[in-house]
Amino acid sequence: MTGLQCVKGMHDILPTDMPGWHFVEQSFKELMSQYAYREIRTPVLEPLELFVRGIGDATDIVEKEMYTFADKGGVDLALRPEGTASIVRAYIQHGLDRQNSINKLFYIGPMFRRERPARGRFRQFYQAGAELIGAGEPAADAEMIEMAVRFVQRLGISDTAVLINTLGDADTRKSYRDALRSYFRHQADRLCQDCIRRLENNPLRILDCKVTACIEACKEAPLLHEHVSPTAMDHFSALQQKLSLLNVDFKVQPRLVRGLDYYTRTIFEIQGGVDTLGAQSTIVGGGRYDGLIAQLGGKPTPTIGFAFGIERLLLLLKEDRFPPETRKIFVTGAGDDDYCHMVTIASMLRDAGFTVETPYASGSLRSHMKRAARSGARFTAIVGEEEWQTGCVVLRDMQTGEQEAVAIEQLAGKMMEKQ
RNA sequence: GUGAGAAUAGCUCAACGGUAGAGCUCCGGCUUGUGGUGCCGGCUGUUGCGGGUUCAAAUCCCGUUUCUCACCCCA
């Protein structure tokens, strides 16, 4: 294992891994299409300022966990750490709101975060997500959550839980944060070191600390929902009613919070695979961020979205769910002189839509059959001089071992009916 | 970023101070027109890397890199 290798936290996705990737990506694209979402692709490289303004520099994120550098012209650039800010940038830049008052967008692509790597957590990882821009109604939230739930179901992941909460509006956050600070200042001697730091940085995070003493200290903490405006609470109730109508099971989790400031009102997570994923059991996360577009220079527009990391999701998938390779056939001759016959048949079958492999080396039919078996092809067609003369091939079903002579012009049809 | 564990053939692992091994995979053969089961044979390693201790290090010690687990963070 000497020599060149991947940069820390980066990983190769090898051909044997691909069935899972295709399954996830195609399932997601199909789902998005069913809800009339359209794909958008944005650059991996963005102005650093996009994330500074979008995510905020209050946390460690921008400073410590983003890949940033000064370009030769002196412009500060960043490898995108997430999808949302770029989507919003493109939305504003191209005036998408003038084409449609509602934009339903989805994306898939690599993101970059300079975190400590762990199982299912990489520094370059693939994320996919959906954004619904221009609809602030509870029905929009409901559809977003429903899509996320249907997606996870479609992948065959069971034992999941859908958690929802409301963070109220922008001013709710401020007043609640102040209330938490003044409450926890009097509890400071009970809190762990991390939480004492969170007290100034990000007091909401104290609420989901795992230390027993902190959990105790939280018990009498002021409740977020007491600070949420009646309007926002109505929004949240309406969302819950609609989710019930959509037959989506959910649990209100009043302590569910987000690290970033731009979230407003609805936030949600799907958790699953606690046994497999350990502490990283959140597989889909989303929420409403009605203030972000204005923050990035657009006109105020309500927006909600969700996103998931593909690597983490793949850890939960069972391989037998991936569709097997079908319509594959191995075509071989019986001797060196059959090359011409072999490639003619191969060509014909490719035109008919089959995946076709042929042997390159000369060798015994035996060795070619061995290769055919290892190729995973369902069928093998043998075309030797004998067959060529009579205008047929020997078609062998590699699963059952049955074989028969089939006329060349009937070959494609014959395989179709057998699959 | 903090703390802990791991690293041996392509893969899963054994050897735990005394010449580095197995299973699987891969390659070839077992009547030159029949594979996946069987039998026979073959390839592959500076034991992650660099130092140290020792007559002798995969094995003990130090450093380093990568991975893994928990924490931090989580867009």
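The values are calculated or read from the model by the stated rules, or taken from the named source; none is laboratory data. No experiment lies behind these values; they were computed from the predicted model shown. For neighbour counting, all protein chains shown are included, and Cβ atoms are generated from backbone atoms with ideal geometry for every residue, glycine included. Only protein heavy atoms, including side chains, enter the accessible area calculation; ligands, DNA and RNA are left aside. Shrake-Rupley method; radii C 1.70, N 1.55, O 1.52, S 1.80 Å.
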* Test A:Ile329 against the stated conditions and say whether it is touching a Gly at 6+ places or on another chain (Cβ under 7 Å) and β-branched (Val, Ile, Thr). => no
* Conditions (1) surrounded by 16 or more Cβ atoms within 10 Å (Cβ to Cβ); (2) out of contact with any Pro (no Cβ under 8 Å at 6 or more places or on another chain); (3) modelled with pLDDT under 95: number failed by A:Phe23 -> (2)
* Check A:Ser182 against each of (1) assigned by TED's automatic domain parsing to the domain that holds A:Leu155; (2) loosely packed, with under 14 Cβ neighbours inside 10 Å; (3) modelled with pLDDT of 85 or more and name the one condition it does not meet. => (1)
* Answer yes or no as to whether A:Ile92 is open to solvent by 20 Å² or more (accessible area, probe 1.4 Å), modelled with pLDDT under 90 and over 14 Å from A:Gly309 (Cα atoms). => no
* Asked: Among the numbered criteria (1) part of a helix (DSSP H, G or I); (2) assigned by TED's automatic domain parsing to the domain that holds A:Ala161; (3) within 24 Å of A:Val284 (Cα to Cα), which single criterion is violated by A:Asp234?
  -> (3)
* Residues of the range A:151-164 satisfying the condition of being crowded, with 16+ Cβ neighbours inside 10 Å and part of a helix (DSSP H, G or I) -> A:Phe151, A:Val152
* Subset of the range A:329-340 [in contact (Cβ under 8 Å) with a residue 24 or more places away in the chain and open to solvent by 20 Å² or more (accessible area, probe 1.4 Å)] -> A:Ala334, A:Gly335, A:Asp336, A:Asp337
* Pick from the range A:6-20 the residues that are in a helix (DSSP H, G or I) and of a type outside the set (A, V, I, L, M, F, W, C): which of them is surrounded by the most Cβ atoms within 10 Å (Cβ to Cβ)? -> A:Gly20
* To do: Would you please name the residue that is modelled with the lowest pLDDT, looking only at residues in the range A:163-179 that are over 26 Å from A:Ser281 (Cβ atoms) and among the aliphatic types (A, V, I, L, M)?
  => A:Ala170
* Asked: If you take the residues in the range A:371-419 that are acidic (Asp, Glu) and in contact with a Lys or Arg (Cβ under 9 Å, 6 or more places away or on another chain), which one is nearest to A:Tyr360 (Cα to Cα)?
  -> A:Asp397
* Structure fact -> Expected output for the range A:363-378 (first residue assigned by TED's automatic domain parsing to the domain that holds A:Gln403, partner among the small types (Gly, Ala, Ser), Cβ below 7 Å, 6+ apart or cross-chain) is A:Leu365/A:Ala334
* To do: Return yes when A:Arg205 is part of a helix (DSSP H, G or I), more than 19 Å from A:Val252 (Cα to Cα) and within 16 Å of RNA strand B (Cβ to nearest atom) and no when it is not.
  => no
* **Filter pass, A:Thr355 being under 29 Å from the mean Cα position of the chain (by Cα) and not assigned by TED's automatic domain parsing to the domain that holds A:Arg154** => yes
* Can you list the helices (runs of 4 or more DSSP H) found entirely within the range A:337-418 that contain at least 3 residues being within 11 Å of RNA strand B (Cβ to nearest atom), out of contact with any strand residue (DSSP E or B) (no Cβ under 6 Å at 6 or more places or on another chain) and hydrophobic (A, V, I, L, M, F, W, C)? -> A:365-374
* If we scan the range A:297-304, do we find a residue that is open to solvent by less than 20 Å² (accessible area, probe 1.4 Å) and within 14 Å of RNA strand B (Cβ to nearest atom)? -> yes
